[in-house]
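Peer 1: Okay, handing you the structure first.
The values are calculated or read from the model by the stated rules, or taken from the named source; none is laboratory data. Just so we're clear, the structure is a prediction, and the values are computed from it rather than from any experiment. Cβ: placed from backbone, ideal geometry, glycine included. Neighbour counts: every protein chain shown.
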Amino acid sequence: MVSRILNILFISTIASLAFTPASPLRAGDRLRVVTSLPTLKSIVALVGGEKVEVSAIATGYQNPHFVDPKPSFIMKLSRADMFVTTGLDLEIGWAPSLIQSSRNSKIQMGGDGYVDASRGVPLLQVPTSTDRAQGDIHVYGNPHYWLDPIRGKQIARNVFEALVKLSAENREYFEANLNRFDSEIDTRTAAWEKALAPLDGVPIIAYHNEWPYLEERFKFVVTDFLEPKPGIPPTPSQLVKVISEVRAKKIPVIITSPYFTTDAAELVTRQTGARLAVLAPSVEAFEGVDSYYDLFDYNVKVLLEALNSPPSN
């Protein structure tokens, strides 16, 4: 905690010394867009096309809750025309301090260049209480909403509206890209749903509660977690409970992300024969997952391989 505070103070100092205001956007220039996550970067690129220059702060294989702020992020944000965040409280530990330190009025909350990608997205698991004894509870609802491709259409709509606000002369161009994105998502989602039909109603164990939108869209059922509570590492008693549950319900698959250790999951697979599927939580989580479409292509493939492979023991 102390090192994080010192890092933020250092960055603020660097920003105050190195800050130069973003120059006004000239006709024909590309909008400079920074996103919090690579998934948002991909959606911005698909909607903005050649009219945007877009980069992400976090990596795709990084836990989005924990991103260490760096001076280079401040410099990037200070020159941005737009910043796109997942909103809610996913990035609350790092994004607000970076935005504030950028001293870029356009991307401060309420500015024309500030985009909350969650706006208008139907959220799951909105808590009725915020008792910290329940673990790391997201007070606005589960923030991993981009893992439903249909909800991705609302993210793209939010990006489109912000792009038009900043570059109205390119409205028709952005709108054509948005319509193309929506059509592509509809077509691909139908194919993904058909491919994952064998998972309909199948019980699954997850490491962390980050998959409810993927679960709802593709109709598998997460029955338990390796974490005893959100954000609490697996305990021996929780693993004993999960092993018993996997055996009793013949649960075939355990899913996790690349930023969690696989030790606990592998223990359960050895004891039960369940298969481990390390899914991509974001674009750029693995090689070849370069776009929002790739994200679902990859996860569908990995889920089917796990479901159809022989027991692990």
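Peer 1: Which members of the stretch 260-307 meet the condition of being surrounded by fewer than 19 Cβ atoms within 10 Å (Cβ to Cβ) and either in a loop (DSSP other than H, G, I, E, B) or at pLDDT below 95 (or both)?
Peer 2: THR261, THR262, GLY273, PHE286, GLU287, GLY288, ASP290, SER291
For every residue, the table says whether it meets (1) of a type in the set (S, T, N, Q); (2) in contact with a strand residue (DSSP E or B) (Cβ under 7 Å, 6 or more places away or on another chain); (3) more than 17 Å from ILE43 (Cα to Cα).
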| position | (1), (2), (3) |
| --- | --- |
| ILE150 | no, no, no |
| ALA156 | no, no, no |
| VAL159 | no, yes, no |
| GLU172 | no, no, yes |
| LEU178 | no, no, no |
| PHE181 | no, no, no |
| ALA191 | no, no, yes |
| ALA195 | no, no, yes |
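Peer 1: Do you know which of the residues in the stretch 77-90 that are out of contact with any Lys or Arg (no Cβ under 8 Å at 6 or more places or on another chain) and modelled with pLDDT under 95 is surrounded by the fewest Cβ atoms within 10 Å (Cβ to Cβ)?
Peer 2: ASP89
Peer 1: Now for a separate question. Evaluate the following for ALA162: is it surrounded by 16 or more Cβ atoms within 10 Å (Cβ to Cβ) and within 22 Å of VAL34 (Cβ to Cβ)?
Peer 2: It is true that ALA162 is surrounded by 16 or more Cβ atoms within 10 Å (Cβ to Cβ) and within 22 Å of VAL34 (Cβ to Cβ).
Peer 1: Of the residues SER72, SER78, SER42, which is outside the structural domain of SER257 (by TED's automatic domain parsing), under 20 Å from PHE286 (Cβ atoms), out of contact with any strand residue (DSSP E or B) (no Cβ under 6 Å at 6 or more places or on another chain) and of a type in the set (S, T, N, Q)? Outline the logic, then answer.
Peer 2: Working: SER72 fails: under 20 Å from PHE286 (Cβ atoms); SER78 fails: under 20 Å from PHE286 (Cβ atoms).
None of the others qualify; the one that does is SER42.
Peer 1: Just to be sure, is ILE137 β-branched (Val, Ile, Thr) and modelled with pLDDT of 95 or more? Give the derivation first.
Peer 2: On the way: β-branched (Val, Ile, Thr): yes; modelled with pLDDT of 95 or more: no.
The answer is no for ILE137.
Peer 1: Out of the residues in the stretch 162-190 that are in contact (Cβ under 8 Å) with a residue 40 or more places away in the chain and small (Gly, Ala, Ser), state the one that is nearest to TYR298 (Cα to Cα).
Peer 2: Within the stretch 162-190, the match that is nearest to TYR298 (Cα to Cα) is ALA162.
Peer 1: Here's a follow-up. Of all residues in the stretch 89-110, how many are touching a Phe, Trp or Tyr at 6+ places or on another chain (Cβ under 9 Å) and of a type in the set (Gly, Ala, Ser)? Walk me through it before giving the result.
Peer 2: We begin by selecting, within the stretch 89-110, every residue touching a Phe, Trp or Tyr at 6+ places or on another chain (Cβ under 9 Å); these are 89, 93-95, 98-99, 101-104, 106-108.
Those left that are additionally of a type in the set (Gly, Ala, Ser): 93, 95, 101-102.
Final tally of qualifying residues: 4.
Peer 1: Can you confirm whether the stretch 226-233 contains a residue that is of a type in the set (Asp, Glu), assigned to a helix (DSSP H, G or I) and out of contact with any Ser or Thr (no Cβ under 8 Å at 6 or more places or on another chain)? Full working, then the answer.
Peer 2: Step one: filter the stretch 226-233 for residues of a type in the set (Asp, Glu), giving 227.
Imposing the further condition that a residue be assigned to a helix (DSSP H, G or I) reduces the set to none.
No, the conditions are met nowhere in the stretch 226-233.
Peer 1: Of the residues ILE251, ILE243, which single one is of a type in the set (A, V, I, L, M), part of a loop (DSSP other than H, G, I, E, B) and either within 29 Å of THR189 (Cα to Cα) or more than 22 Å from the chain's Cα centre (by Cα) (or both)?
Peer 2: Working: ILE243 fails: part of a loop (DSSP other than H, G, I, E, B).
One residue alone meets the criteria, ILE251.
Peer 1: Here's a follow-up. Would you please name the residue that is surrounded by the fewest Cβ atoms within 10 Å (Cβ to Cβ), looking only at residues in the stretch 42-63 that are in a helix (DSSP H, G or I), out of contact with any Leu (no Cβ under 6 Å at 6 or more places or on another chain) and aliphatic (A, V, I, L, M)?
Peer 2: Checked the stretch 42-63; the qualifying residue surrounded by the fewest Cβ atoms within 10 Å (Cβ to Cβ) is ALA45.
Peer 1: Which condition number does ASN170 fail, the rest of (1) surrounded by 16 or more Cβ atoms within 10 Å (Cβ to Cβ); (2) in the same structural domain as SER291 (by TED's automatic domain parsing); (3) over 22 Å from THR86 (Cβ atoms) being met?
Peer 2: (2)
Peer 1: Quick one: would you say PHE174 is in contact with a Phe, Trp or Tyr (Cβ under 6 Å, 6 or more places away or on another chain) and in a helix (DSSP H, G or I)? Spell out how you get there, then give the answer.
Peer 2: Details: in contact with a Phe, Trp or Tyr (Cβ under 6 Å, 6 or more places away or on another chain): yes; in a helix (DSSP H, G or I): yes.
Judged against the criteria, PHE174 is a match.
Peer 1: Report whether or not GLU215 is in a helix (DSSP H, G or I) and not assigned by TED's automatic domain parsing to the domain that holds LYS301. Outline the logic, then answer.
Peer 2: Details: in a helix (DSSP H, G or I): yes; not assigned by TED's automatic domain parsing to the domain that holds LYS301: no.
No; evaluated as a whole, the condition is false for this residue.
Peer 1: Shifting gears a bit: Would you pick out the residues in the stretch 82-128 that are assigned to a loop (DSSP other than H, G, I, E, B) and farther than 26 Å from GLU216 by Cβ? Steps first, answer last, please.
Peer 2: Residues of the stretch 82-128 assigned to a loop (DSSP other than H, G, I, E, B): 86-94, 103-104, 108-113, 117-128.
Listed by number, the residues that qualify are GLY93, TRP94, ARG103, ASN104, GLN108, MET109, GLY110, GLY111, ASP112, GLY113.
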